[in-house]
There are 2 protein chains.
Amino acid sequence: MSGRLRALERRDRDAVEDILRRAGNFTPTEVATALELIDAWLTRGDASEYLTYVVAALEEDAVRGYVCFGPAPLTEGTFDLYWIAVDPDFQGRGYGQELLRFTEEDVRRRGGRWLLIETSSQETYGDTTRFYDRAGFGLIARVPEYYRPGDDKLIYGKRLVRAGLASNSHTI
Amino acid sequence: MSGRLRALERRDRDAVEDILRRAGNFTPTEVATALELIDAWLTRGDASEYLTYVVAALEEDAVRGYVCFGPAPLTEGTFDLYWIAVDPDFQGRGYGQELLRFTEEDVRRRGGRWLLIETSSQETYGDTTRFYDRAGFGLIARVPEYYRPGDDKLIYGKRLVRAGLASNSHTI
């Protein structure tokens, strides 16, 4: 069930591309953009500003999903989650929540205060809203008809408390 | 009063950098980012996706201000205005509104439906809000404490009607 999380490596690229294509909710342009960020990560690593991790199945080392996030330019402590995708044949097993939890923890370690996810209102049919809700994200803002007529941009966000701070506040 | 608008050229770069530095409301990182987009435009032109124009004084060909805008990735017909700046010694003479009007018309010609401007709540003290209001932009969304604690991201926007469509609608 629970996978093994590690930084994305070159050998994972084809598997991630396959997941993006089979996910069904990404247009060819979106898949190309996602792959550009992955290639920036593979070429420049941490310097690319697109941190990219995969979750692989524990036993088989097969990639089940991936996440790509990074610091938002010109901000202090705000991070964007750019892409998250799980193999459609292995959904509902917690890989997505595992990737999201890892992202939160990593962003917190890097001093992040805010984790934001921009998504299309067309993709919030189905399970997407519930997925973010369950992980503690709230709807922060909406830009009507941003992507195309009838397709809004939704900005979900979660405030991150620095490690240790949350528990300390209980002692006051 | 009214200037001459043309695409930014290499010989304008120093003047624009000087305006950005003297504008007083841009941090060194923001100036560096603005210059990166300008250099993308100087290197790749229209292919850079950062369309960059200057307004120069009519008689002297001295640069008074500049604007940088472009299509928002993964959208159909949404454009972002990334930077707009006017020489602080020549403000209040309509150069800013002229740059904004040109941007609107150019975006409309390119089939744009939406022109968006993301800005810091710290910069809306003073004349910025009035500047956008006067040009017909409305506040669309706000992300609290986006840039840093106490500094929100504000998204202003203006819906663009295709040339000819607005007047036709009066005949119905």
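Derivation of every value follows stated rules applied to the coordinates shown; laboratory data play no part. What you are looking at is a predicted structure, and each value in this text was computed from that prediction instead of being measured. We place every Cβ from the backbone using ideal geometry, glycine too, and count neighbours over all the protein chains shown.
Assorted remarks:
- Residue exposure proxy: A:Phe131, A:Phe69, ordered by other Cβ atoms within 10 angstrom of their Cβ from fewest to most, comes out as A:Phe131, A:Phe69.
- Calculated label separations, B:Arg4, copies of the chain, 7 Å along the beta-carbon direction, nm: 6.7
- Relative contact order for chain A, counting Cα pairs under 8 Å that sit 6 or more residues apart, in percent: 18 percent
- The mean count of C-beta atoms from other chains within 10 Å of the C-beta of residues in A:72-78, rounded to a whole number, is 6.
- Residues A:Ser121, B:Ser48 arranged by fewest to most Cβ contacts within 10 Å: B:Ser48, A:Ser121
- The Cα center of the stretch B:20-50 and the Cα center of the stretch B:139-163 differ in position by 20 Å.
- Label-point distances for A:Gly150 to the equivalent site in the other copies, using a point 7 angstrom along Cα→C-beta, read 4.6 nm when ranked shortest first.
- This model, with +1 at the C-beta of Lys and Arg and -1 at the C-beta of Asp and Glu, gives chain B a dipole about its Cα centre of some 640 debye.
- Residues A:Thr27, A:Thr52, sorted so that the one with the fewest Cβ neighbours within 10 Å comes first: A:Thr27, A:Thr52
- As a rough guide to protection, the peptides B:12-18, B:96-102, A:61-67 ranked by mean Cβ packing within 10 Å, highest first, stand as A:61-67, B:96-102, B:12-18.
- FRET efficiency estimate (nearest 0.05) - Cβ-Cβ, A:Ala47 to B:Leu139, R0 35 angstrom: 0.45
- Label reach from A:Asp61 (point 7 Å along Cα→C-beta): in the stretch A:1-37, amide nitrogens under 18 Å belong to A:3-16.
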